[in-house]
1. One quarter of the convex hull surface, Cα atoms only: what value does that give for the protein assembly as shown in nm²?
2. Using DSSP to define loop residues, name the GluC sites (Glu not before Pro) in the range A:27-79 whose beta-carbon has at most 14 other beta-carbon atoms within 10 Å.
3. Would you list B:100, A:89 from fewest to most Cβ contacts within 10 Å?
4. So how compact is the range A:137-259: Cα radius of gyration and Dmax in angstrom?
5. Report, ordered by chain and residue number, the aspartates and glutamates lying within cross-link reach of residue A:109, taken as a straight Cα distance under 15 Å and ignoring same-chain residues fewer than 8 apart.
6. How many nm separate the modelled label positions at residue B:79 and residue A:65, each set 7 Å beyond the Cα in the direction of the Cβ?
7. For residue A:142, what residues show an amide H to amide H distance below 5 Å, using hydrogens built from the backbone and excluding near sequence neighbours?
8. Just flag the GluC sites (Glu not before Pro) in the range A:190-259 sitting in loop per DSSP whose Cβ has no more than 15 other Cβ atoms within 10 Å.
There are 2 protein chains.
Amino acid sequence: MKILWVFAHPEPRSLNGSLRDDGTQALRDLGHEVRESDLYAMDWRPVVDSGDFHRETVDRLLVGAEQEHAYSAAKLTDDITAEQEKIAWADALVFQFPLWWFGPPAILKGWFDRVLVQGFAFGLQDHAGRTLRYGDGGLAGKRAMVITTVGARESGFGPRGIHGQLDEVLFPLLHGTFWYTGMDALPPYVVYGADRLDAAGYRTRAAELRERLRTLPVTEPLPYRHEHRGDYDDALVLHPEIEPNLTGVAAHRSRTPER
Amino acid sequence: MKILWVFAHPEPRSLNGSLRDDGTQALRDLGHEVRESDLYAMDWRPVVDSGDFHRETVDRLLVGAEQEHAYSAAKLTDDITAEQEKIAWADALVFQFPLWWFGPPAILKGWFDRVLVQGFAFGLQDHAGRTLRYGDGGLAGKRAMVITTVGARESGFGPRGIHGQLDEVLFPLLHGTFWYTGMDALPPYVVYGADRLDAAGYRTRAAELRERLRTLPVTEPLPYRHEHRGDYDDALVLHPEIEPNLTGVAAHRSRTPER
């Protein structure tokens, strides 16, 4: 496979840096092609502003419309276009980051904000004029996997842990970004207790990660529901007969995988 | 009250800009003191890196430890210190942003990443040596409110809407950031269908916002559970008798408010 590894940690001599080195090497040893976006090393600029566009006039900035227009007119800045080219090339994307405030560091959040523009990642329509989202869309057919490190213990991110069940805490990324743009969201690989990991613990985690990377092409994705396969009504609300007792983010996983 | 308004939109001549102007004016008319952090206007740098610290040596960067050390030694950069001073001053914080990829824009995510460091916002201990989090902590006693704009219709963010129930989508911010640092998280004020709002629609939304700001000092917060009031065990897992049938982020709201 062709795999894009997006890395968002400021220190290469860190747990994250070691996992990145071992992980990308494991993928290459398996015969995959790997490209990397090391956002700190690239000095990636994460802030959406009028500098993202080759604009003729400097009038009022309508962000979404300007992004879509600039994409279709090939007027996005080169740094954005280069990332879009890598995404288009890849069969699978790996996003590795330390969990800061229960989400990606700003440098990675701004990669999504600037790169996944309308027309490229979403906002496409099918022949019937329906907007393609949630299981369909600009990035359909690709797989996406999170690798993250957390200081807390695993129990706190379990089904009844105080920090919230991890895949629900990451819902904006797994469902709202990966699945929204059509990508299959794989279960995240998480290193808990990251601040207290010793050398033996590292070897265990690195071996787990290699195994997750070995099965990357075939791992069953999280069973999110497609927008256009009958689960939702025209107001984008789950039909009453589907999981009638569930509300909230938990309702958007099907208990029995669709595929 | 003393209110800090943090604003994260690149275009002052936008729906968000108008709501900011009307909202801050409404608070001043009510007799509150208002300070603003207009992140785009400030050219706020959102990326945590070694430049955040007045460091004697440039060795391996351990982000959390370095932030805590620099805070206690007064060696954080001036831009971070200035924001911490505003937070310490404020009784309530308002965070206004367009919802991008189901969360705050990178410029605001990086405000949390850089400003809410250990020792200031969290990591404090009580007399018994317990770490103060979730309802207690460095920012306890303050209130925090989100104002956000969304292109989608409201139905999609309802209890069974495809985008996920809004307060659960914002769980990393409302529970994992506000409540984690001790702040009471107020129900967000959301403008749906933001791309299709006409002048009459704007007047309605602005009036709603003014009413929400009028009641800011007394609005009932989201009923998240305190870490240290008996709901969680030592592994930070909800006791079995508490909402025995609930898992995931929904389990961390008490149906009957604690206060």
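The numbers here are math on the coordinates, done by the rules we state, and not lab data. Since this is a predicted model, take the numbers as computed values, not measurements. When we count neighbours, we look across all protein chains shown, and the Cβ atoms used for this are built from the backbone with ideal geometry, even at glycine.
1. 24.6 nm²
2. A:56
3. Ordered by Cβ neighbours within 10 Å, fewest first: A:89, B:100.
4. 16.4, 53
5. Cross-link targets: A:38, A:43, A:49, A:83, B:113.
6. Taking the two extended label points, one gets 3.0 nm.
7. When sequence neighbours closer than 5 places are left aside, the close amide H contacts are A:184.
8. A:241, A:258
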